[in-house]
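Encoded as structure tokens, the structure appears first; notes follow it.
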Amino acid sequence: MIKKILLLILLLGTFLNALTFEEVQTIQKVQGSMKALSGYKELANDNDPKAMHELALIYLNGDGIARNINKAQELFQKASDLGNSESTYLLGKLYLSNKTIFYDEKKAYNTFVDAANQNNAKAQLMLAKFFLLGGVVPKDYEKALYYFKLASKQKEYEANCYIAYMYASGTGVFPNFGRANAFA
């Protein structure tokens, strides 16, 4: 009976001391990443995709700890699998970087497709660039313009520059300096 009571008190104490993601994020902002690390790890173990994402960023940047790209990739993948579109996007960026062991342009493209389908504006911008420049996928100016416009609607303003370029140069569209000026 006493063991059950002690176990109940221990479980209740653990539950009451559990931090929320927002609390851990505040600790990080005020006291730094090292102080927040254990909180993020605890939340990540509870399958919190935002905590996994932040923890992955700490590992990726070596923020107060040794840089560990493998651990960052693993955490981005887990967070992505749980629906975190920003993690999916950054996973694509990891695959696109020829400075990592994960370099794979086709995998990057497919990962950006996943993030774009989750309405991630930066991933939509990346897909548009893939279609504008060709390489991994054939050049397709219609798809490039489509994805640039999706990103632009979400205030990813770099997309506006590309749209203006396409209209000014007549790349894939009929030249229209008025439209180019509007997007510039």
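The values are calculated or read from the model by the stated rules, or taken from the named source; none is laboratory data. Computed from a predicted model, the values in this text were never measured in an experiment. Using ideal geometry, Cβ is built from the backbone for each residue, glycine included, and neighbour counts are taken over all protein chains shown. Side chains included, ligands, DNA and RNA excluded: accessible areas come from the protein's heavy atoms. Shrake-Rupley method; radii C 1.70, N 1.55, O 1.52, S 1.80 Å.
Here Gly92 meets the list (1) farther than 23 Å from Leu19 by Cα; (2) open to solvent by 20 Å² or more (accessible area, probe 1.4 Å) almost entirely, failing just condition (2). Of the residues Leu37, Leu94, the single one that is closer than 23 Å to Tyr109 by Cβ and part of a helix (DSSP H, G or I) is Leu94. The residue pairs whose first member lies in the range 55-83 and is on the phi > 0 side of the Ramachandran plot, whose second member is not in a helix (DSSP H, G or I), and whose beta carbons are closer than 9 Å, counting only pairs six or more residues apart or on different chains, are Gly62/Asn68; Gly64/Gly32; Gly83/Gln118. The residue list Lys107, Lys149 contains one member that is closer than 13 Å to Phe183 by Cβ, open to solvent by 20 Å² or more (accessible area, probe 1.4 Å), of a type in the set (Lys, Arg) and assigned to a helix (DSSP H, G or I), which is Lys149. Scanning the range 1-27 for residues that are at pLDDT 85 or above, in contact with a helix residue (DSSP H, G or I) (Cβ under 9 Å, 6 or more places away or on another chain) and in a helix (DSSP H, G or I) turns up Phe21, Glu23, Val24, Thr26, Ile27.
Looking across the range 154-184, the residues that are part of a helix (DSSP H, G or I) and touching a residue at least 24 places away in the same chain (Cβ under 8 Å) come down to Glu158, Ala159, Asn160, Tyr162, Met166, Phe183. Restricting to the range 162-184, and then to whatever is of a type in the set (A, V, I, L, M, F, W, C) and surrounded by 13 or more Cβ atoms within 10 Å (Cβ to Cβ), can you tell me which residue is nearest to Ala115 (Cα to Cα)? Restricting to residues being of a type in the set (A, V, I, L, M, F, W, C) and surrounded by 13 or more Cβ atoms within 10 Å (Cβ to Cβ), the top hit is Ile163.
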